[in-house]
Amino acid sequence: MRLKTSIGVLAAVMVLTLSACGQKKAGMGEGMGMDKSEMGCCQHGENACASDVTKSQCDQMAGKFHKDHMCSTDAGKCTRKER
């Protein structure tokens, strides 16, 4: 019985911790000049890209930033987002 209670308490703590981390991450862009319009795709290799990154994140990957693009995982290329 004690083990079930300990596991339940541990699970509750993990849920609260993960929830707090998610809220902090969601609020990181607020007030820092980052909004959805500044997100895009980073072409950091011939067949390698990353989506939903900022220009500064792309600069750290030594790639070329494409605003309003997403990474096509099939081709490994940045493509324009469909609206």
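Ligands, DNA and RNA aside, T54 has an accessible area near 10 Å² when probed at 1.4 Å. All other residues whose Cβ lies under 15 angstrom from that of G63 are scored, Lys and Arg at +1 and Asp and Glu at -1, for a net of +1. 3J(HN,Hα) along the stretch 51-63, derived from phi through the Karplus expression 6.51 cos²θ - 1.76 cosθ + 1.60 where θ = phi - 60°, amounts to 9, 6, 10, 8, 4, 5, 5, 5, 4, 5, 8, 6, x Hz, with x in place of Gly and Pro.
The values are calculated or read from the model by the stated rules, or taken from the named source; none is laboratory data. These figures come from a predicted structure and were not determined experimentally. No Cβ is skipped: glycine too gets one built from the backbone with ideal geometry, and neighbour counts run over all protein chains shown. We work out accessible area using only protein heavy atoms, side chains counted, and drop any ligands, DNA or RNA first. Shrake-Rupley method; radii C 1.70, N 1.55, O 1.52, S 1.80 Å.
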